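Inspection log for the structure reproduced underneath, given as structure tokens.
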Amino acid sequence: MTNHTQKNTSKGFWGRFSNFGEKLLTALTRFPLTFACVVAVAVLFISMIHSDKDDNYVKWMMAGVVSAFATLSVYLFAENRINKLITNGINVILIALSVWLFSTFPNSIRDAHGTQFVMLMVSFLLAVFFAGYISEKNSLKWWNFLQNTLFQLVISAFFAGVLMAGLSLAIVSLDKLFGLKINDDVYGYLAVFCFVLFAPSYFMSQLAEKPTPDTKFSITYPAIFKILGLYILLPILSIYTVILYGYLFKIIATWELPNGWVSWLVSILGFVGFIVIIVLHPISNLPPNPLKNAPQPPEGGVLGALSNFTEFERRAFSPFRGLGGRALFARFFPLILIPLLILMFVGIVRRFSDYGITINRLLVLILNLWFFGTSIYVFISCSRQPKWILTSFATVAFLSAVGPWNVMRITEKSLKKEFSELLAEAGWTNTPDADIRTLSKQKQSRLSDVAYYLQSTYGLESIRPMFSVLENNANVYQLLTALNISERLTNSNRFYINGQEKSDVFDITGYKKMIRLKSYDMNKIYNENGLKIRTENEQLIVNQNGKTIILSLREMIENSISELEEAYMKTKDLTIENDDCKLIIYNLYGNIEEQNKLKIDYMDGLLFLK
């Protein structure tokens, strides 16, 4: 029998944290291999702190974290479904697969490996919130579990933080009051105990078991969710939607391609919108109880049952009851989102066309397709089962991270193919007698971009066989040099000049004033007390008391670029001096534009005036 009642969330608050030892023993019985993974990660953290060698431990810690989330989600799914021995066997296989996968990672973790780890971790973490209720038809039971689990997660982190702060203060007191010298590693060990051991252990000890179908359960809807969903997020989403639709109408009117930023903005709108749908899910008419002769939901659904709702709120939601009990927002938000998703898709296609494939762009494309599919489902189902929003996202994240079709592998394979074709077009044969041909400026820039992206994202070893004829420690820069490709023509024609001036003491003999120049606004680098400093036409212009001083920057920039041995490398002391002043450059960034014009975007340095 199911009983839907309103429960005061503050009642029995401290009862949630009683009998911790007993609950911990129960959790050890429920999730034995998850605890083993947590302890393994803690041991690895302690070993890393002790040895000060991060590279030897990071990939194994990644394997431990993913294994912990994966085994926990399997335990929750298998509870009251699958024999415990079989469940442990499945989890052993999962741990073995995780260890095997991360063993293929290099010791020095690259961006691609980090992205794959995050995707797997997120997919299994989300699975914790729905695995036990994957086949549950009563969405309110799942919603109750979701909010209770989130609450325990926040409380666990809070308790771990308080424990860390308190114990750290105690250690500091021993140092300051008794003169005991405490090794800094102690604080690292303490952090491992609080955040790696205590927090997960406490969280798992508080995880509720899934009730049986005939168990009574109560609907808890905290007032903070009502305030957050109705009075904060909904108004913000409305404003945000109006802005994005205004931009949509603008690009239609001007017939121009959307800005690359539109993908991120629409994604934020989509995520927050679906979160609001989940948060407000209980504020609807409860579905009829399928059990024969069982008590049915009260008239008016949850709104009619929650005594702490005001009359104003009842009236505000009464028009939506004709929509099957779902709020107007939950019903029509997916339709509102779809035109913006089309705009987002066009923006993604533009980024692919302009800059080619990368891991992030491919992930944004997959996210866009997920938004389309989820929006259609939520609209058709009237958001009756919002758990499938989390389930589908976790599934897509998992499938995009593993297998021969994973995003990292597809991107690497595509870029390596393009890189190989560009090398062939340049005449590179990976032999000492290669007949090098000059590529167009655009293709030189593209070859450089692809090479540096592969080197930074997948590691130099991923492309090193393509130019193995060069010296053993050769990198992309040596390859570009062998291809007669100048750094000046690559990196989107950007220049980054960094001076080697390290001294904080300067000879100011003969000078009356020193000004620190540090600005992104080149039209107004400095403007105080009658002194104005700006750049114009590759010159630094100083106006002081009706007198104008001009310093040409072009020669210094060109000389510095030609002397660079590789991108972002520090050059010699950069000083420009004339009869009226002296300029010392720390950093100077800008663009080489058409007709070889120089545009300065940022300046950091010192100006001495006589």
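Looking only at segment 542-556, decide whether some residue is outside any strand (DSSP E or B) and of a type in the set (A, V, I, L, M). Talk me through it step by step, then tell me what you get.
So in segment 542-556, the residues outside any strand (DSSP E or B) come out as 545-546, 553-556.
Subset that is of a type in the set (A, V, I, L, M): 553, 556.
Taking every residue of segment 542-556 in turn, at least one turns out to be outside any strand (DSSP E or B) and of a type in the set (A, V, I, L, M).
Open to solvent by 60 Å² or more (accessible area, probe 1.4 Å) and part of a helix (DSSP H, G or I): does that describe Phe419? Please lay out each step first, then the result.
Values: open to solvent by 60 Å² or more (accessible area, probe 1.4 Å): no; part of a helix (DSSP H, G or I): yes.
When the stated conditions are applied, Phe419 does not pass them.
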Do you know which residues across segment 144-162 are open to solvent by less than 50 Å² (accessible area, probe 1.4 Å) and either within 21 Å of Phe35 (Cβ to Cβ) or touching a helix residue (DSSP H, G or I) at 6+ places or on another chain (Cβ under 7 Å) (or both)?
Phe145, Thr149, Gln152, Ile155, Ser156, Ala160
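Matching residues to (1) of a type in the set (D, E, K, R); (2) touching a residue at least 40 places away in the same chain (Cβ under 8 Å); (3) crowded, with 18+ Cβ neighbours inside 10 Å:
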| site | (1), (2), (3) |
| --- | --- |
| Ile338 | no, no, no |
| Arg350 | yes, yes, no |
| Ser383 | no, yes, yes |
| Trp388 | no, no, yes |
| Phe398 | no, yes, yes |
| Pro404 | no, no, no |
| Val407 | no, yes, yes |
| Ala424 | no, no, no |
Open to solvent by less than 70 Å² (accessible area, probe 1.4 Å) and either of a type in the set (D, E, K, R) or more than 14 Å from Ala36 (Cα to Cα) (or both) - does that describe any residue in segment 63-70?
no
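Scan segment 432-441 and tell me whether some residue there is over 30 Å from Leu335 (Cα atoms) and part of a helix (DSSP H, G or I).
Quick first cut of segment 432-441, residues over 30 Å from Leu335 (Cα atoms) only: 432-441.
Narrowing the set further to residues that are part of a helix (DSSP H, G or I) leaves 441.
Looking for residues that are over 30 Å from Leu335 (Cα atoms) and part of a helix (DSSP H, G or I), one finds at least one in segment 432-441, hence yes.
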Working carefully through the options Ala131, Ala127, find the one that is among the aliphatic types (A, V, I, L, M) and free of Cβ contacts under 8 Å to residues at least 60 places away in the same chain.
Ala131
Being surrounded by fewer than 19 Cβ atoms within 10 Å (Cβ to Cβ) and of a type in the set (A, V, I, L, M) is the filter here, so list the residues in segment 198-218 that pass it.
Ala208
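Inside segment 32-66, can you point out the residues that are of a type in the set (Val, Ile, Thr) and either modelled with pLDDT of 95 or more or more than 22 Å from the chain's Cα centre (by Cα) (or both)?
First, pick out the residues of segment 32-66 that are of a type in the set (Val, Ile, Thr): 34, 38-39, 41, 43, 46, 49, 58, 65-66.
Listed by number, the residues that qualify are Thr34, Val38, Val39, Val41, Val43, Ile46, Ile49, Val65, Val66.
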Please determine, by comparing only the residues of segment 75-104 that are in contact (Cβ under 8 Å) with a residue 40 or more places away in the chain, of a type in the set (S, T, N, Q) and part of a helix (DSSP H, G or I), which one is farthest from Ala27 (Cα to Cα).
Ser103
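Considering only segment 444-473, state which residues are open to solvent by 80 Å² or more (accessible area, probe 1.4 Å) and at pLDDT 85 or above.
Step one: filter segment 444-473 for residues open to solvent by 80 Å² or more (accessible area, probe 1.4 Å), giving 461, 465, 471-473.
Hits for segment 444-473 are Glu461, Pro465.
Going by what's in this entry, would Asn88 be described as more than 25 Å from Val396 (Cβ to Cβ) and surrounded by 14 or more Cβ atoms within 10 Å (Cβ to Cβ)? Full working, then the answer.
On the way: more than 25 Å from Val396 (Cβ to Cβ): yes; surrounded by 14 or more Cβ atoms within 10 Å (Cβ to Cβ): yes.
Yes; evaluated as a whole, the condition is true for this residue.
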Need the failing condition index for Ile243 against (1) in contact with a Lys or Arg (Cβ under 8 Å, 6 or more places away or on another chain); (2) open to solvent by 40 Å² or more (accessible area, probe 1.4 Å), just the number.
(1)
Could you check how many residues of segment 103-130 are surrounded by 21 or more Cβ atoms within 10 Å (Cβ to Cβ) and of a type in the set (Gly, Ala, Ser)?
3
Going residue by residue through segment 129-145, is there one that turns out to be within 22 Å of the chain's Cα centre (by Cα) and in a helix (DSSP H, G or I)?
no
Any idea which of Ala165, Ala131 is under 22 Å from Ala68 (Cα atoms) and among the small types (Gly, Ala, Ser)?
Ala131
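The values are calculated or read from the model by the stated rules, or taken from the named source; none is laboratory data. Bear in mind the structure is a predicted one, so any value in this text is a computation, not a measurement. For neighbour counting, all protein chains shown are included, and Cβ atoms are generated from backbone atoms with ideal geometry for every residue, glycine included. Protein only, heavy atoms only, side chains kept; ligands, DNA and RNA dropped before computing areas. Shrake-Rupley method; radii C 1.70, N 1.55, O 1.52, S 1.80 Å.
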